[in-house]
Structure formats: C-alpha cells, structure tokens
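Chemist: So that we are looking at the same thing, I have put the structure below in structure tokens.
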Amino acid sequence: MSKPNHIKVRYVGVKEAHTDHLYGTAQVWIGPGDVQEVPADVWSKFAQHPDVYALVADNQKNHEIALAADSKLKLIEKVKSLGHAVDGRTSVHRLEELLALREAA
C-alpha cells in the first residue's frame with residue numbers, strides 16, 4: 001500500500017545498492033530496478049538525474065502527485081526570487097498570494 005503523498009521511484013543506476021544522501025530521504029534501493037517510495041515533494045530533485053531515478057507511473061495518482069509537487073517547487077523558486085523566505089511547508093495558496101501581491105504592486 002502506498003503512503004499518502006509519496007510516489008514510487010525506480011533506481012536505474014549501476015551501483016549494487018544506493019542510498020539517497022542528497023535529498024534528505026535516506027531511502028535505500030537494493031540495486032538497479034528496485035522500487036521505493038519517496039515523498040512527492042522531492043521528486044523534482046530526483047528527476048534531475050534520469051540516469052539514476054525513474055518515476056514509476058503505475059497509476060494516475062503517482063503522476064498527478066508528481067506534477068503537483070513539481071508545480072509547487074516552481075512556485076517556491078519564483079516566490080524566493082522575489083525575496084520572500086518560503087520553503088516546502090508554505091502552502092500553494094500562500095505562494096499564490098505572495099505572487100499576486102507582487103503583480104498588483
């Protein structure tokens with residue numbers, strides 16, 4: 001059973017075993033082809049390394065969660081570029097409010 005707001009990621013790298021030390025999940029894959037669940041909000045970081053990670057789009061829910069997480073990450077980066085201190089805990093609603101305030105000014 002999948003955890004809420006997690007997506008399945010397949011390790012497609014070449015190492016016999018692999019542990020995520022870069023993105024804070026500490027998830028362990030036992031080798032190429034192994035599938036593990038990671039928080040959806042970090043998928044966009046994993047996706048920057050298609051030679052190591054692949055999204056397992058085994059159902060529509062995984063795909064939708066990954067798209068929403070990627071969209072939120074882009075909003076966060078845009079709001080940060082305007083000088084606001086935000087992170088992954090900031091709601092999408094608040095991020096959109098901050099952008100709207102900037103556009104209204």
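The values are calculated or read from the model by the stated rules, or taken from the named source; none is laboratory data. Predicted model only: the values in this text are computed from it and were never measured. When we count neighbours, we look across all protein chains shown, and the Cβ atoms used for this are built from the backbone with ideal geometry, even at glycine.
Chemist: How many of the residues in the stretch 7-40 are assigned to a strand (DSSP E or B) and of a type in the set (Phe, Trp, Tyr)? If you could, list the steps in order and put the result at the bottom.
Modeler: Going through the stretch 7-40, the residues assigned to a strand (DSSP E or B) turn out to be 7-11, 18-19, 28-29, 35-39.
Now restrict to residues that are of a type in the set (Phe, Trp, Tyr): 11, 29.
Selection size over the stretch 7-40: 2.
Chemist: Could you list all residues from the stretch 15-38 that are modelled with pLDDT under 90 and surrounded by 12 or more Cβ atoms within 10 Å (Cβ to Cβ)?
Modeler: Across the stretch 15-38, the qualifying residues are Gly31, Pro32.
Chemist: Still on this model: Out of the residues in the stretch 3-14 that are farther than 11 Å from Val56 by Cβ and touching a helix residue (DSSP H, G or I) at 6+ places or on another chain (Cβ under 7 Å), which is surrounded by the fewest Cβ atoms within 10 Å (Cβ to Cβ)?
Modeler: Taking the stretch 3-14 and keeping what is farther than 11 Å from Val56 by Cβ, we get 3-6, 13-14.
Filter once more, so that each one left must be touching a helix residue (DSSP H, G or I) at 6+ places or on another chain (Cβ under 7 Å): 5-6.
Details: Asn5: 12, His6: 18.
This residue is Asn5.
Chemist: Go through the stretch 87-102 and count every residue that is more than 19 Å from Asp70 (Cβ to Cβ) and in contact (Cβ under 8 Å) with a residue 40 or more places away in the chain.
Modeler: 0
Chemist: Within the stretch 41-49, can one find any residue that is assigned to a loop (DSSP other than H, G, I, E, B), touching a residue at least 12 places away in the same chain (Cβ under 8 Å) and either closer than 12 Å to Arg10 by Cα or within 11 Å of the chain's Cα centre (by Cα) (or both)?
Modeler: Among the residues of the stretch 41-49, at least one is assigned to a loop (DSSP other than H, G, I, E, B), touching a residue at least 12 places away in the same chain (Cβ under 8 Å) and either closer than 12 Å to Arg10 by Cα or within 11 Å of the chain's Cα centre (by Cα) (or both), which makes the answer yes.
Chemist: Further question on the same structure: Any residue that is at pLDDT 85 or above and touching a strand residue (DSSP E or B) at 6+ places or on another chain (Cβ under 7 Å) - is there at least one of those in the stretch 62-81?
Modeler: No, the stretch 62-81 contains no residue that is at pLDDT 85 or above and touching a strand residue (DSSP E or B) at 6+ places or on another chain (Cβ under 7 Å).
Chemist: Please enumerate the residues belonging to the stretch 81-90 that are in a loop (DSSP other than H, G, I, E, B) and more than 15 Å from the chain's Cα centre (by Cα). So that I can check it myself, show each step before the final result.
Modeler: Residues of the stretch 81-90 in a loop (DSSP other than H, G, I, E, B): 82-90.
Of everything in the stretch 81-90, those that are in a loop (DSSP other than H, G, I, E, B) and more than 15 Å from the chain's Cα centre (by Cα) turn out to be Leu82, Gly83, His84, Ala85, Val86.
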